[in-house]
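Chemist: Below you'll find the structure I mean.
FYI, it's all coordinate maths here, none of it is from the lab. Predicted, not measured: the structure shown is a model, and the values here were computed from it. Every residue, glycine among them, receives a Cβ derived from its backbone with ideal geometry; neighbour counts consider all protein chains shown.
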Amino acid sequence: MNIFRLLGDLMHLASILILLLKIQSSRSVAGISFKTQLLYAIVFATRYLDLFSNFSYSIYNSLMKIFFLASSTYILYLMRTKFLATYASSQDSFRLEYLIGPSAICALIFTEWYTFNEILWTFSLFLESVAILPQLYMLSTTGEAETITTHYLGALGAYRAFYLVNWIYRYFYENKYYPIAILAGIVQTALYLDFFYIYVTKVLRGKKFKLPV
């Protein structure tokens, strides 16, 4: 554990809490991509297969895994049942097979060990790196978003940026190197660059988030 990983975990927790606050306070899932939330649920399910077998190894990690699995499932439940009438499915049109298929192929090619858990862990890294694309595509079709939704995305992007720095830190100070995790972190952070520019220059200054036409 280092400060960058801790900050990344806190940003990840904050992003989910912000999203839940937005849903519960507005009684709506407008502007939220169900497909992105589904991809994150798949990421957590494939990454945390060791949850119960390694519980005694790290209580902190186990509690975090339980929270992410439970919260992602709960968000999907809210979007498909309680607030389904507010979900704009016509705007959430990104094709998931364009993300799941290549992620599965990359996992088979680049996995370090050809074991079931290792392949799924590698798959989860590649899938997480692109899971935000349906949400960003949804924003591009509408052109704007609620401020609290942009705060959710900002916290999510900060989580990945801190985790990328965490891997770099571990390489220099702990002599641990995970090229797949670093590559996935670079890809995901790069996808946020345009969003971050608008977020910092407009949203954090109290202006309404709006993508350029």
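Chemist: Rounded if a/c is under 1.5, else prolate if a/b is larger than b/c, else oblate: which is segment 1-121, with a ≥ b ≥ c the root eigenvalues of its Cα gyration tensor? Don't skip to the answer; put the middle values down first.
Modeler: Working: a/c = 2.21, a/b = 1.31, b/c = 1.69.
Note, shape of segment 1-121 comes out oblate.
Chemist: Among rounded, prolate and oblate, which fits the chain when a ≥ b ≥ c are the square roots of the eigenvalues of its C-alpha gyration tensor, a/c under 1.5 means rounded, and a/b larger than b/c means prolate? Kindly include the intermediate steps, with their values, before the conclusion.
Modeler: Values: a/c = 1.56, a/b = 1.42, b/c = 1.11.
Note, shape of the chain comes out prolate.
Chemist: Could you order peptides 114-124, 82-92, 34-44, 169-179 by the average number of other Cβ atoms within 10 Å of their residues, highest first? Show your work: numbers first, answer last.
Modeler: Details: 114-124: 16.2, 82-92: 13.8, 34-44: 21.3, 169-179: 11.6.
Ranked by mean Cβ neighbours within 10 Å, highest first: 34-44, 114-124, 82-92, 169-179.
Chemist: Please sort 9-16, 93-100 by packing, taking for each peptide the average over its residues of neighbouring beta carbons within 10 angstrom, highest first. If you can, show how the numbers build up before the last one.
Modeler: On the way: 9-16: 18.0, 93-100: 14.4.
Ranking, from highest mean packing down: 9-16, 93-100.
Chemist: In addition: Which values, in whole Å and largest first, are the semi-axes of the equivalent ellipsoid of segment 88-140 obtained as the square root of 5 times each eigenvalue of the Cα gyration tensor? Don't skip to the end; give the middle numbers.
Modeler: On the way: eigenvalues 145, 16, 12 Å².
Square roots of five times the eigenvalues give 27, 9, 8 Å.
Chemist: Assigning unit charges at the beta carbon (Lys, Arg +1; Asp, Glu -1) and nothing else, what dipole magnitude in debye, to the nearest 20, does the chain show about its Cα centre? Walk me through the numbers on the way to the answer.
Modeler: Numbers: 17 positive and 11 negative charges, 138 e Å.
So the dipole magnitude of the chain works out to roughly 660 debye.
Chemist: Work out from phi, with θ = phi - 60° and the Karplus expression 6.51 cos²θ - 1.76 cosθ + 1.60, the ³J(HN,Hα) of each residue of segment 40-46, listed in order in whole Hz, and give x for Gly and Pro.
Modeler: Residue by residue, segment 40-46 yields 5, 5, 5, 4, 5, 5, 7 Hz.
Chemist: Picking from ALA155, ALA190, ALA131, which is most flexible by a Gaussian network model of the chain using Cα springs under 10 Å?
Modeler: Answer for the Gaussian network model of the chain: ALA190.
Chemist: Right, here's the next one. Whole-Hz Karplus ³J(HN,Hα) for segment 174-186, in order, using 6.51 cos²θ - 1.76 cosθ + 1.60 and θ = phi - 60°, x for Gly and Pro?
Modeler: Karplus values, whole Hz, x for Gly and Pro: 10, 6, 10, 9, 10, x, 5, 5, 5, 4, 4, x, 5.
Chemist: For a test of the definition: using alpha carbon positions, the gyration tensor, and the 1.5 limit on a/c, classify segment 83-178 as rounded, prolate or oblate.
Modeler: Numbers: a/c = 3.20, a/b = 1.51, b/c = 2.12.
Judged from the Cα gyration tensor, segment 83-178 comes out oblate (a/c at least 1.5, b/c at or above a/b).
Chemist: Along segment 9-25, what does the Karplus equation 6.51 cos²θ - 1.76 cosθ + 1.60 (θ = phi - 60°) give for ³J(HN,Hα), rounded to whole Hz, x for Gly and Pro?
Modeler: 4, 5, 5, 5, 4, 4, 4, 5, 5, 5, 5, 5, 4, 4, 5, 6, 6
Chemist: Which value in deg cm²/dmol, rounded to the nearest 500, describes the helix-derived mean residue ellipticity at 222 nm for the chain, given -39,500 (n - 2.57) per DSSP H run of n ≥ 4 and division by the residue count? Mind dumping the intermediate values first?
Modeler: Working: 9 runs with 145 residues, N = 213.
The per-residue figure over the chain is -22500 deg cm²/dmol.
Chemist: Under a crude label model (7 Å from the Cα following the beta-carbon direction), how far is THR81 from ILE105 in nanometres?
Modeler: Each label point is offset 7 Å from its Cα along the Cβ direction, giving 3.8 nm.
Chemist: Which length gain, in nm to one decimal place, applies between ASN117 and GLU174 when the Cα-Cα distance is subtracted from 0.36 nm times their residue separation? Walk me through the intermediate numbers first.
Modeler: Details: separation 57, 0.36 × 57 = 20.52 nm, distance 2.43 nm.
Result: 18.1 nm gained on full extension.
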